[in-house]
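One structure is given below, encoded as structure tokens.
Derivation of every value follows stated rules applied to the coordinates shown; laboratory data play no part. As the structure is a computational prediction, the values presented were derived from the model and not from experiment. No Cβ is skipped: glycine too gets one built from the backbone with ideal geometry, and neighbour counts run over all protein chains shown.
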Amino acid sequence: MSNLYTYYMKPFRAILAGIIVWIFIFITFSIMSSIPIIKDSEIQQNLIIYILLFPYVLFGIRFYYKKEQQTNGFIIGLIMAFTSIILDALITVPLVIIPHGGSYASFFSSPFLGVTFILFLGIVFFYWKLKVLPNNKHAN
């Protein structure tokens with residue numbers, strides 16, 4: 001039973017953490033699109049997302065590591081980030097980007113998305129490196 005838990009639950013918790021972060025970001029973009037000062041400024045919106053990405057990803061990664069204490073942060077970061085990208089492909093682009101004149105190509109080729117992806121991975125990796133690894137060394 002333990003092996004089944006390890007095999008299925010670790011990725012499931014990482015996917016769930018990625019969904020949580022994606023929801024936070026989606027809600028934030030939705031709110032920003034109704035604020036007159038920034039609704040037409042992609043740069044301002046993305047700068048706000050870069051700042052808010054830290055608490056959003058930290059919330060998601062803390063959720064993940066509440067039960068899983070040894071999984072490599074880079075792998076968890078990839079799972080969480082790709083979960084968000086898949087949700088963007090399934091929900092954000094067809095329901096938000098395309099109706100406003102954008103496309104899959106314009107969304108996924110945006111340098112802002114690349115920076116967000118790298119920040120996402122970096123936050124998860126450094127959280128794991130600074131918070132999780134030292135605790136595991138003391139437990140052994």
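Return 64, 127, 50 ranked ascending by Cβ neighbour count within 10 Å, so the fewest neighbours appear first. Walk me through the numbers on the way to the answer.
Numbers: 64 27, 127 21, 50 13.
The most exposed by this proxy come first: 50, 127, 64.
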Folded to 0 to 90 degrees: helix 73-87 orientation relative to the chain principal axis, Cα: 30
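So if I place +1 on the C-beta of Lys and Arg and -1 on the C-beta of Asp and Glu, and nothing else carries charge, what would the dipole magnitude of the chain be about its Cα centre? I want it in debye, nearest 20.
Details: 9 positive and 4 negative charges, 136 e Å.
That gives the chain a dipole magnitude of about 660 debye.
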Give me the angle, in degrees from 0 to 90, between the Cα long axis of helix 2-32 and the longest principal axis of the Cα atoms of the chain, rounded to the nearest 10. 30
Which is farthest toward the positive dipole end of the stretch 2-139 among 86, 17, 27, measuring Cα position about the Cα centre, with Cβ charges +1 (Lys, Arg) and -1 (Asp, Glu)? 17
Among 80, 32, rank each residue by its count of other Cβ atoms within 10 Å, from fewest to most, as a rough exposure measure. 32, 80
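Using only the Cα atoms, work out Rg/Rh for the stretch 2-139, with Rh taken as the Kirkwood radius, to two decimals. Spell out each step's value before the answer.
Values: Rg = 16.2 Å, Rh = 15.8 Å.
So for the stretch 2-139, dividing Rg by the Kirkwood Rh gives 1.02.
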How many lysine pairs in the stretch 2-139, separated by 8 or more positions in sequence or lying on different chains, have Cα atoms less than 29 Å apart? 12
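I need the calculated FRET efficiency for the pair residue 33 and residue 129, taking r as the beta carbon distance and R₀ as 22 Å, to the nearest 0.05. Provide the component values of the computation, followed by the final result.
Working: r = 35 Å, r/R0 = 1.60.
That pair, residue 33 with residue 129, gives E of 0.05.
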Residue-averaged 222 nm ellipticity for the chain, from DSSP H runs of 4+ at -39500 (n - 2.57), nearest 500: -23500 deg cm²/dmol
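Which order results if 62, 13 are arranged by neighbouring Cβ count within 10 Å, fewest first? Kindly include the intermediate steps, with their values, before the conclusion.
Working: 62 12, 13 21.
Ranked by crowding around the Cβ, least crowded first: 62, 13.
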Tilt relative to the chain, helix 42-65 - C-alpha long axis, 0 to 90 degrees, to 10: 20
